[in-house]
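Data block below; observations after.
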Amino acid sequence: MDSVTRRKLSAACIILASMLFTHHCADKKSVRYICRPEGFSIEFPSSWRVMEHHKGARIIAIAPQGRELSYIRENINVVVEEIPRRITLNEYVDLQVQVLKRLKGITVLERIDTFIAGERAVRFSYSYSINDFGYRAIVHTMQRHRSFFVITGISQINNYNNFKKIFLASAASFRFE
């Protein structure tokens, strides 16, 4: 093979590689958000709008507007709360559930111990209904030292089954950094 042919082949390989790389990036279905100050990362669907420090959440990812009108936009949020006194993960989740149960129209549906990225977590879900409106949420809570990391996926009840897989996948992608 002469030098001209080698250069043409090399150039063709570079072009092909860049096309493949660009195509792969365009097809990416999720993006990883890294929060260095709180020491975690999580993936969200790439089409979702991500905002920091919004409505009490450290990070929130909001689903694109669907075809039907929604009272709330489906979203996944992460809240980080540092507790000054030592409490366990179960005690913290108990407090979360107690506060929810005080609200009219809230029903706690499940509570299970689980793991995310090898870390102990507690998952629970709840629904809220009043008149013709209702939503459902799935909550994953983990602890690192005195900080609690609460990942919540929330949607209208009628859309919950369409979003549950996305909520669970994002929670499963959570990592301490």
Sort out which residues of region 139-154 are in a strand (DSSP E or B) and touching a residue at least 60 places away in the same chain (Cβ under 8 Å), and write them in order of number.
-> Arg144, Ser147, Phe148, Phe149, Val150, Ile151, Thr152, Gly153, Ile154
Is it fair to say Phe115 is surrounded by 13 or more Cβ atoms within 10 Å (Cβ to Cβ), part of a strand (DSSP E or B) and under 17 Å from the mean Cα position of the chain (by Cα)?
-> no
Could you please give the count of residues in region 99-112 that are modelled with pLDDT under 95 and either hydrophobic (A, V, I, L, M, F, W, C) or part of a strand (DSSP E or B) (or both)?
-> 8
Could you tell me whether Ile60 is surrounded by 14 or more Cβ atoms within 10 Å (Cβ to Cβ), at pLDDT below 95 and within 20 Å of Lys164 (Cβ to Cβ)?
-> yes
Would you confirm whether any residue within region 84-97 is out of contact with any helix residue (DSSP H, G or I) (no Cβ under 7 Å at 6 or more places or on another chain), of a type in the set (S, T, N, Q) and modelled with pLDDT under 95?
-> yes
When you scan region 155-175, how many residues do you find that are at pLDDT below 95 and part of a strand (DSSP E or B)?
-> 2
Out of the residues in region 32-60 that are under 17 Å from Glu74 (Cα atoms) and acidic (Asp, Glu), state the one that is farthest from the chain's Cα centre (by Cα).
-> Glu52
Residue check for Gln96: part of a strand (DSSP E or B), polar (S, T, N, Q), farther than 24 Å from Trp48 by Cβ and in contact (Cβ under 8 Å) with a residue 40 or more places away in the chain | no
For region 135-177, the count of residues that are within 23 Å of Gln65 (Cβ to Cβ), over 12 Å from the mean Cα position of the chain (by Cα) and surrounded by fewer than 17 Cβ atoms within 10 Å (Cβ to Cβ) equals 4
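Only one residue in Arg136, Arg102, Arg120 is more than 21 Å from Asn158 (Cβ to Cβ), touching a residue at least 12 places away in the same chain (Cβ under 8 Å) and of a type in the set (Lys, Arg). Which one?
On inspection, the qualifying residue turns out to be Arg120.
Have a look at Ser125, Ser129 and point out the one that is under 15 Å from the mean Cα position of the chain (by Cα) and either charged (D, E, K, R) or over 22 Å from Ile83 (Cβ atoms) (or both). Give the steps one after another, and end with the answer.
On the way: Ser129 fails: under 15 Å from the mean Cα position of the chain (by Cα).
Just one listed residue meets the conditions, Ser125.
On the given criteria, is Arg85 surrounded by 14 or more Cβ atoms within 10 Å (Cβ to Cβ) and in a loop (DSSP other than H, G, I, E, B)?
It is false that Arg85 is surrounded by 14 or more Cβ atoms within 10 Å (Cβ to Cβ) and in a loop (DSSP other than H, G, I, E, B).
The values are calculated or read from the model by the stated rules, or taken from the named source; none is laboratory data. Owing to the predicted nature of the structure, the values given are computational and were not obtained by experimental measurement. Positions of Cβ are generated from backbone atoms using ideal geometry, with glycine treated the same way; all protein chains shown enter the neighbour counts.
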